[in-house]
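Peer 1: One structure, pasted below without further comment.
The values are calculated or read from the model by the stated rules, or taken from the named source; none is laboratory data. This one's a predicted model, so the numbers in the text were calculated from it and none came from an experiment. Neighbour counts are summed over all protein chains in view; Cβ atoms, including those assigned to glycine, are modelled from backbone coordinates with ideal geometry. With ligands, DNA and RNA removed, areas are computed over all heavy atoms of the protein, side chains included. Shrake-Rupley method; radii C 1.70, N 1.55, O 1.52, S 1.80 Å.
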Amino acid sequence: MSASTTAATVRATEVRPCTPTVTTIPPDRLPRDLVHGQPVVGAGALWTIAAALRLHGDHHTRGWVIKMPWFTRPWGIPLITARRLDGVGTFQATADEAIDQNGRWVASNLIFSTAGCWEVTSRYHGTTLRFDLRVGTSNP
């Protein structure tokens, strides 16, 4: 099972600082199958590892790519969208089932056309997880 979003041109409606907007939850406060031994961010049915929010991406011919893991309860593929906060750009996401020694999770590629500040929104089973990413340069 896999899913992808189509590339959409998005324009910033307002320029605002690129700031962290989520709180990390330590592994000892969550079920073992959810955390894979790392701090996570999220709530309800949708989670990701906190370290992924500090990635700035790898530059490819198609844009900047960030590999993002998702943990969903019950398991399923989230809907992932993004919009550039400091300019114009396009975004595309792919998501597929992944299985390792810790269980079943979702592996995704977030593909940003340009470097800059992007707001990523992921939705699954009534849960929304939204955060800013500084793509193409180190996050503060």
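Peer 1: Which one of Arg104, Arg123 is closer than 23 Å to Thr24 by Cα and either without any contact (Cβ under 8 Å) to a residue 12 or more places away in the chain or more than 12 Å from the chain's Cα centre (by Cα) (or both)?
Peer 2: Criteria check complete, one pass: Arg104.
Peer 1: What are the residues in the stretch 93-140 that are hydroxyl-bearing (Ser, Thr, Tyr), open to solvent by 50 Å² or more (accessible area, probe 1.4 Å) and within 16 Å of Ile49 (Cα to Cα), if any?
Peer 2: Result: Thr128, single match.
Peer 1: I would also like to ask the following. On the basis of being within 15 Å of the chain's Cα centre (by Cα), crowded, with 16+ Cβ neighbours inside 10 Å and assigned to a loop (DSSP other than H, G, I, E, B), does Ile66 make the cut?
Peer 2: No: the conditions fail for Ile66.
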